[in-house]
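Following: one structure in structure tokens, then a few remarks.
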Amino acid sequence: MISVKHLSKHFGSLIVLKDVNAEIEKGEVISVIGPSGSGKSTFLRCLNLLEMPSGGEIVIDGINLLDKTTNVFQLRRKMGMVFQSFNLFSHLMVMENIMLGPVHLLKMNRQEAFEEGMKLLSMVGLAEKAYAYPDELSGGQKQRVAIARTLAMKPEIVLFDEPTSALDPTMVSEVLAVIRKLAADGMTMMIV
């Protein structure tokens, strides 16, 4: 599903990634561990071109992400990303946050996006929070909404950038339960 060969990333003279190689099969769950500042998040950000690699090759489902002729936006739709800081729109209700991408990017009708959003909120245990605003949620609830929002785009791969690092220890288990369910359902995931 993901093949990375000789990936490198430099910020000026600072070498963040050097000769990184990885093969991730469909349905596999890969954890990337290491000390703070070792390039783990940069590696994830390179996989969906939020950061442009300095060199190497990234192949997603047989398509070279770095080829000039590749439709990056189309390929990026296969990958969802869950950030450590949630990145929810505070002025939108939970359901509006979840429906935004499917309605505007996938051109899904609002009713279908709403129904799918409710299924996803139920899956993450938050159906009752559909009409709440992010500021009314705990950190664990916000992260579960962020996961539901990512899944609403129907990705084949989910990249998690330290999904529990910003959470109180009591909230971590809520988020890990959702990640375990996705793993059991066969989602391809990379977790920093």
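The values are calculated or read from the model by the stated rules, or taken from the named source; none is laboratory data. Since the model is a prediction, treat every value here as computed from it, not as a measurement. When we count neighbours, we look across all protein chains shown, and the Cβ atoms used for this are built from the backbone with ideal geometry, even at glycine. Heavy atoms of the whole protein, side chains included, go into the accessibility calculation; ligands, DNA and RNA do not. Shrake-Rupley method; radii C 1.70, N 1.55, O 1.52, S 1.80 Å.
Restricting the range 101-113 to residues that are open to solvent by 30 Å² or more (accessible area, probe 1.4 Å) and at pLDDT 95 or above, the residue that is nearest to residue 152 (Cα to Cα) is 112. For the range 78-96, filtering for residues that are in contact with a Ser or Thr (Cβ under 6 Å, 6 or more places away or on another chain) and either hydrophobic (A, V, I, L, M, F, W, C) or surrounded by fewer than 18 Cβ atoms within 10 Å (Cβ to Cβ) (or both) leaves 2. Among the residues making up the range 1-15, those that are over 21 Å from the mean Cα position of the chain (by Cα) and among the hydrophobic types (A, V, I, L, M, F, W, C) are 11, 14, 15. Taken over the range 98-143, the criterion of being out of contact with any Pro (no Cβ under 7 Å at 6 or more places or on another chain), among the polar types (S, T, N, Q) and part of a helix (DSSP H, G or I) is satisfied by 111, 122, 141. Across the range 40-63, the qualifying residues are those that are open to solvent by less than 60 Å² (accessible area, probe 1.4 Å) and polar (S, T, N, Q), and the one among them that is modelled with the lowest pLDDT is 48. Within the range 169-182, residues that are at pLDDT 85 or above sit with their Cβ atoms under 6 Å from residues that are open to solvent by 10 Å² or more (accessible area, probe 1.4 Å) and in a helix (DSSP H, G or I), at 6+ positions apart or across chains, in these pairs: 178/144. Tell me whether the range 64-85 contains one or more residues that are of a type in the set (Phe, Trp, Tyr), touching a Lys or Arg at 6+ places or on another chain (Cβ under 8 Å), in a loop (DSSP other than H, G, I, E, B) and modelled with pLDDT under 90. Within the range 64-85 (the criterion being of a type in the set (Phe, Trp, Tyr), touching a Lys or Arg at 6+ places or on another chain (Cβ under 8 Å), in a loop (DSSP other than H, G, I, E, B) and modelled with pLDDT under 90), the answer is no, since none of the residues qualifies. Consider the range 141-184 and keep the residues that are basic (Lys, Arg), closer than 26 Å to residue 39 by Cα and out of contact with any Asp or Glu (no Cβ under 7 Å at 6 or more places or on another chain). The one that is surrounded by the fewest Cβ atoms within 10 Å (Cβ to Cβ) is 180.
Yes/no per residue for (1) open to solvent by 40 Å² or more (accessible area, probe 1.4 Å); (2) of a type in the set (Asp, Glu); (3) in contact (Cβ under 8 Å) with a residue 24 or more places away in the chain:
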| site | (1), (2), (3) |
| --- | --- |
| 27 | no, no, yes |
| 38 | yes, no, no |
| 76 | yes, no, yes |
| 115 | yes, yes, no |
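For the range 29-70, enumerate the residues that are over 14 Å from residue 157 (Cβ atoms) and among the acidic types (Asp, Glu). Across the range 29-70, the qualifying residues are 51, 57, 67. Mind counting the residues in the range 10-25 that are in contact with a strand residue (DSSP E or B) (Cβ under 8 Å, 6 or more places away or on another chain) and either over 20 Å from residue 79 (Cα atoms) or free of Cβ contacts under 8 Å to residues at least 40 places away in the same chain (or both)? Looking only at that region, the number is 10.
Of the numbered conditions (1) of a type outside the set (D, E, K, R); (2) out of contact with any Gly (no Cβ under 8 Å at 6 or more places or on another chain); (3) outside any loop (DSSP other than H, G, I, E, B), residue 159 fails exactly one; give the number of that condition. Going through the list (1) of a type outside the set (D, E, K, R); (2) out of contact with any Gly (no Cβ under 8 Å at 6 or more places or on another chain); (3) outside any loop (DSSP other than H, G, I, E, B), residue 159 breaks only (2).
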